[in-house]
Every structure is written in structure tokens, then in C-alpha cells.
1. If you roll a 1.4 angstrom probe over the protein chains with everything in place, what fraction of the accessible area of the chain belongs to carbon and sulfur, to the nearest %?
2. Hey, what's the chain come to in accessible area per residue, 1.4 Å probe, Å²?
3. At 222 nm, what helix-only mean residue ellipticity would the chain give, in deg cm²/dmol to the nearest 500, using -39500 (n - 2.57) for each DSSP H run of four or more?
4. So, by mean Cβ neighbours within 10 angstrom, what's the order for 37-44, 64-71 with the highest one leading?
5. Using a Cα-Cα cut-off of under 18 Å, which lysines could be cross-linked to residue 105, ignoring same-chain neighbours fewer than 8 residues away?
6. Counting pairs of alpha carbon atoms under 8 Å apart in space and at least six apart in sequence, what relative contact order in percent does the stretch 16-115 give?
7. Provide the per-residue ³J(HN,Hα) series for the stretch 3-14, in order, calculated from phi with Karplus coefficients 6.51, -1.76, 1.60 and θ = phi - 60°, each as a whole number of Hz, with x at glycine and proline positions.
8. Could you give the size of the charge dipole of the chain about its Cα centre, using +1 on the Cβ of each K and R and -1 on the Cβ of each D and E, expressed in debye and rounded to the nearest 20?
Amino acid sequence: RRVGGDLVVGRKLEVVLRQDPNQPAMRIKPEVTVHRPERSFAWRGNLLHGSIFQGEHRFEVEEGDGDTTRFVQSEEFDGFLLPVLWRMLDTKTRLAFDTMNRALKAEAEKRATKT
């Protein structure tokens, strides 16, 4: 839904996620781990401590053939709670990412037709 803060490695962001439209939004404060403008960006968040549960989320932009661009979004999880949380992550998180990707694609295509 929203990301705020400075895109500086080591700084915290404020991220508002909504994995399920029937549930309240979730707020996380991950740390920026990668920031290469117009190429890639990543953040890492954890639950209490990284050994309990953590996830690193990556966003990458790849140039394609001709005038195409490919957006790749991925996430890697770790921690001893991962087996307990995996089912929710695999369904709700994937749905949320797919929703975001569709909205991003629609916005990019809308802007491309204006130029």
C-alpha cells in the first residue's frame, strides 16, 4: 500500500502492507540492504530477532530486448518460525505480490502511453 523513508542502505523504512483485503493493514519497519537507483532495491525485516524470523525482499529492474523492461520481485525467508509461517507466506504473501505487480504494470503502461 505504501512505503516511506529514505532509500539509504542501513536506514529503516516504514512499509504498510495489506495481504488480505478483509484484514487490517500490517506495518513493518525493515532495513534497506541494497539501493542501486533504477536497477535494484532490497530490504530486510525480522520478527523480534533474525533467528526467530526474517525476510529479505528484493525488487530488480532488468532491461529486455528493444524497449521492454522486466520487473522481478522476490523474497527469501529464514528463522525457526519459518515452518509455522510458510503456508501463510506462500498464499497470502504471493497474492499480495501478484496484486502489487499487476498494479505496477498497469501504472507503467499508462505512463508509457503518455510519452
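1. Looking at the chain in its full context, I get 53 percent from C and S.
2. 75 Å²
3. For the chain, the value works out to -8000 deg cm²/dmol.
4. Output ranking for 37-44, 64-71: 37-44, 64-71.
5. Within the straight-line limit of under 18 Å, residue 105 reaches these lysines: 114.
6. Computed over the stretch 16-115, the figure is 18 percent.
7. For the stretch 3-14, the Karplus curve yields 10, x, x, 8, 7, 10, 3, x, 8, 8, 10, 10 Hz.
8. Here the chain has a charge dipole of around 520 debye.
The values are calculated or read from the model by the stated rules, or taken from the named source; none is laboratory data. Keep in mind that what you see is a predicted model, and the values were worked out from it rather than measured. A quick note on method: Cβ atoms are made from the backbone with ideal geometry, for glycine too, and the neighbour counts reach across all protein chains shown. To get the accessible areas, we keep the full protein, side chains included, count just its heavy atoms, and leave off ligands, DNA and RNA. Shrake-Rupley method; radii C 1.70, N 1.55, O 1.52, S 1.80 Å.
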